[in-house]
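The values are calculated or read from the model by the stated rules, or taken from the named source; none is laboratory data. What you see is a predicted model; the values in this text were computed from it and never measured. No Cβ is skipped: glycine too gets one built from the backbone with ideal geometry, and neighbour counts run over all protein chains shown.
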Amino acid sequence: MLDAMSEPTPQPLKRCACGEPTDKCPDLPRSIAPAKVNPDRALVLDVRREADFAASHEIIPGAFWKNPDKIDAWIGAVPKTHDVVIYCVRGGAVSNDVVDRLQAAGVRARFIEGGLDAYKAAGGKVDRK
């Protein structure tokens, strides 16, 4: 039997990073279509594994490379007030793992569906690094 002094059941937090989740907070999508990515309107993080990043000569303009294997060292510096778009080579396990961690930390993060390859195929611009 529950009495008036019982602890309320905790509700799962929404992923909107608003600071005070409510029923009106929409869940943030996990991904973004490659053709909808605008590097000028979001903080873009390149989370390709170190070997993949080193082997490539391309990067999305304005993107910052962050080693996904060292996420504990940099996750606290990612702003919770910005839209964050992340990408790896193909938008698979690396992007999924990083977006899970970022969203759990309250960051409004999404990953590019299909990764850098799909972004380029959709006409996305890249710079030489």
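From the set of residues in the range 86-103 that are in contact (Cβ under 8 Å) with a residue 12 or more places away in the chain and of a type in the set (A, V, I, L, M), which is surrounded by the most Cβ atoms within 10 Å (Cβ to Cβ)?
Applying the filter and picking the extreme gives Ile86.
Please enumerate the residues belonging to the range 23-32 that are surrounded by 14 or more Cβ atoms within 10 Å (Cβ to Cβ) and either more than 16 Å from the chain's Cα centre (by Cα) or not basic (Lys, Arg) (or both).
First, the residues of the range 23-32 that are surrounded by 14 or more Cβ atoms within 10 Å (Cβ to Cβ): 25, 28, 30-32.
Cys25, Leu28, Ser31, Ile32 - these are the residues of the range 23-32 that are surrounded by 14 or more Cβ atoms within 10 Å (Cβ to Cβ) and either more than 16 Å from the chain's Cα centre (by Cα) or not basic (Lys, Arg) (or both).
State whether the residues of the range 94-102 include one that is in contact with a Gly (Cβ under 6 Å, 6 or more places away or on another chain) and not polar (S, T, N, Q). Outline the logic, then answer.
Start the filter on the range 94-102 by keeping residues that are in contact with a Gly (Cβ under 6 Å, 6 or more places away or on another chain), which leaves none.
No, the conditions are met nowhere in the range 94-102.
Please go through the range 26-68 and pick out each residue that is free of Cβ contacts under 8 Å to residues at least 24 places away in the same chain and either among the hydroxyl-bearing types (Ser, Thr, Tyr) or outside any loop (DSSP other than H, G, I, E, B) (or both).
Lys36, Glu50, Ala51, Phe53, Ala54, Ala55, Phe64, Trp65 - these are the residues of the range 26-68 that are free of Cβ contacts under 8 Å to residues at least 24 places away in the same chain and either among the hydroxyl-bearing types (Ser, Thr, Tyr) or outside any loop (DSSP other than H, G, I, E, B) (or both).
If the Cβ limit is 6 Å and pairs must be 6+ apart or interchain, which residue in the range 111-129 that is at pLDDT 95 or above pairs with which residue that is surrounded by 15 or more Cβ atoms within 10 Å (Cβ to Cβ) and polar (S, T, N, Q)?
Phe111/Ser31; Phe111/Ser95; Glu113/Ser31
Looking only at the range 44-66, count every residue that is within 14 Å of the chain's Cα centre (by Cα) and surrounded by fewer than 19 Cβ atoms within 10 Å (Cβ to Cβ) and tell me the total.
2
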